[in-house]
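Let me begin by presenting the structure, written as structure tokens, before commenting on it.
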Amino acid sequence: MLKKALIKSLHFFSSNIPLTWLKSISGQDFLAIFYHSISDSELPHLKHLYRVRGTALFEKDLDYLLKHFRPVGLAELIDAVYHNKKLPSNAFFLSFDDGLAECYHIIAPILKKKGIPATFFLNSDFVDNKALMFRYKASYLIEELTQKQVSTAQLAPFFHQYQLPFLDLKSGLLSVRWHQEALLDAIAVAFEVDFKAFLKDQKPYLNQEQILQMIGDGFTFGSHSQNHPTYNSLDLSSQIEQTLLSQAYLKQHFQLPYQTFAFPFTDSGVSKAFFDEILGEEKFPLTFGGAGLKHEVIKGQLQRFGMETQQLNTPKQLIHTEYCYYIIKSIFRKNTIYRN
Ligand SMILES: [Zn+2]
């Protein structure tokens with residue numbers, strides 16, 4: 001809560017501080033940035049999770065980045081980490097998680113126009129719209145059940161069955177975790193919400209053909225687990241299995257000559273043993289988290305900063321805030337992630 005309030009006030013004040021100062025005080029001029037989707041129309045599977053940025057705002061983000069930073073691709077990052085090749089000063093690396101269809105329809109054409117490389121992280125279980133991630137199910141259910149005027153009294157028994165607290169439709173459905181996905185499926189069946197029909201009609205995810213075209217255009221792809229669990233809720237062998245099998249899918253279908261991985265949700269609580277198994281120049285040279293501008297003691301694990309928030313902040317607000325937050329954390333020596 002304190003962090004939320006601080007970030008909110010930084011969105012207000014930080015734009016007055018010149019970016020050159022922020023970079024020089026922080027000593028950080030590399031930014032890794034990620035998004036999920038960009039869209040001008042409402043996406044029911046994302047609508048209740050965060051505010052999706054539109055194309056005009058996305059172009060504004062990119063123009064801001066291009067004005068103050070220089071884009072680098074995955075290969076340059078790997079060279080910088082393993083071969084001591086210096087990144088250009090003020091570099092930024094762009095990536096997109098979850099393999100959503102807008103990556104092909106909206107994002108890739110804009111990036112091509114502006115000459116910006118990017119890496120896209122896919123969940124192997126969802127490519128070709130085979131299934132819907134549980135968080136997207138929750139958002140879609142909120143939308144559909146609200147329209148159907150389903151009452152809290154009708155929903156409460158489902159949550160009691162799973163011994164979950166239940167206050168209202170939205171907070172209840174958003175509180176369901178990965179291992180409780182069956183609850184979302186049971187609610188969908190009971191109130192005739194058809195996830196399969198949604199996947200077929202809306203096609204929220206990329207298909208193989210689109211991915212191949214994007215690879216042909218020079219974009220890079222990595223894995224994001226099979227079905228988007230929270231890694232710190234899995235044991236080590238399941239974490240490794242989710243990672244290796246999702247990457248094996250990419251290798252099998254797209255013959256990628258490289259491997260890279262971005263953690264679904266968060267890498268918080270993931271042990272050093274996971275990285276010992278996964279990370280390395282001959283294995284996964286780079287893995288990515290989403291903890292913002294932060295350092296890692298583990299070589300090859302890089303933290304990214306998410307541009308999607310509950311408000312549609314300007315790129316200047318978002319990036320200046322992230323720098324200010326980094327500088328504040330550095331006073332308390334909270335800028336490095338240590339792992340056991
Ligand atoms: Zn994700």
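The values are calculated or read from the model by the stated rules, or taken from the named source; none is laboratory data. Because the structure is a prediction, the values reported are computed rather than measured. In this analysis, Cβ positions are derived from the backbone assuming ideal geometry, glycine residues included, and neighbour counts consider all displayed protein chains. Protein only, heavy atoms only, side chains kept; ligands, DNA and RNA dropped before computing areas. Shrake-Rupley method; radii C 1.70, N 1.55, O 1.52, S 1.80 Å.
A few remarks follow.
- Counting only protein chain heavy atoms and rolling a 1.4 Å probe, the accessible areas of Glu277, Glu192, Glu308 rank, largest first, as Glu192, Glu277, Glu308.
- Reachable lysines from Lys170, criterion Cα separation under 29 angstrom, eight or more residues apart if same chain: Lys3, Lys4, Lys8, Lys47, Lys130, Lys137, Lys148, Lys196, Lys200, Lys203
- Over all directions, the projected convex hull of the C-alpha atoms in region 134-199 averages 3.9 nm² in area.
- Applying 1/(1 + (r/R0)^6) with r as the Cβ-Cβ distance of Gln213 and Tyr64 and R0 = 35 angstrom yields a FRET efficiency of 0.80.
- With protein chains left intact and a 1.4 Å probe, residues in region 134-199 average 52 Å² of accessible area per residue.
- When the solvent-accessible area of the chain is split by element, carbon and sulfur atoms take up 54 percent of it, the probe being 1.4 Å.
- Residues considered: Ala262, Ala108, Ala197. Largest GNM mean-square fluctuation over the chain, using C-alpha springs under 10 Å, is found at Ala197.
- The chain: angle of helix 181-190 to the longest principal axis, Cα-based, in degrees nearest 10: 40
- Gain in span if fully extended, Asp40 to Lys114, counting 0.36 nm per residue against the direct Cα distance: 24.7 nm
- Ellipticity at 222 nm from helices only: DSSP H runs of n ≥ 4 in the chain, each -39500 (n - 2.57), divided by the residue count, give -13000 deg cm²/dmol.
- FRET efficiency, Ala182 to Gln149 (Cβ-Cβ, R0 30 Å, nearest 0.05): 0.75
- Applying D = kT/(6 pi eta Rh) to region 69-210, where Rh is the Kirkwood radius over alpha-carbon pairs, T corresponds to 25 °C and eta to 0.890 mPa s, the Stokes-Einstein value obtained is 137 µm²/s.
- Cα-centre dipole for region 182-340 with unit charges at Cβ (Lys and Arg positive, Asp and Glu negative), debye to 20: 660
- Between helix 55-68 and the chain: long-axis angle, C-alpha atoms, 0 to 90°, nearest 10: 20
- Unsatisfied cross-links (Cα-Cα over 21 Å) in the set Lys23/Lys114; Lys60/Lys85; Lys85/Lys299: Lys23/Lys114; Lys60/Lys85
- Taking the C-alpha atoms only, the angle from helix 236-254 to the longest principal axis of the chain is near 80 degrees.
- On a per residue basis, region 1-66 carries 53 Å² of accessible surface, using protein heavy atoms and a 1.4 Å probe.
- Each Lys and Arg contributes +1 and each Asp and Glu -1, all at the Cβ; summed about the Cα centre of region 1-130, the dipole is approximately 480 debye.
- Charge dipole (region 17-131, unit charges on Cβ, about Cα centre) - positive-most of Leu111, Leu22, Leu62: Leu22
- Region 82-132 versus region 314-340: alpha-carbon centroid distance in Å: 23
- 10 Å-binned pair-distance histogram of the chain (Cα, whole percent): 5, 24, 33, 27, 10, 1, 0
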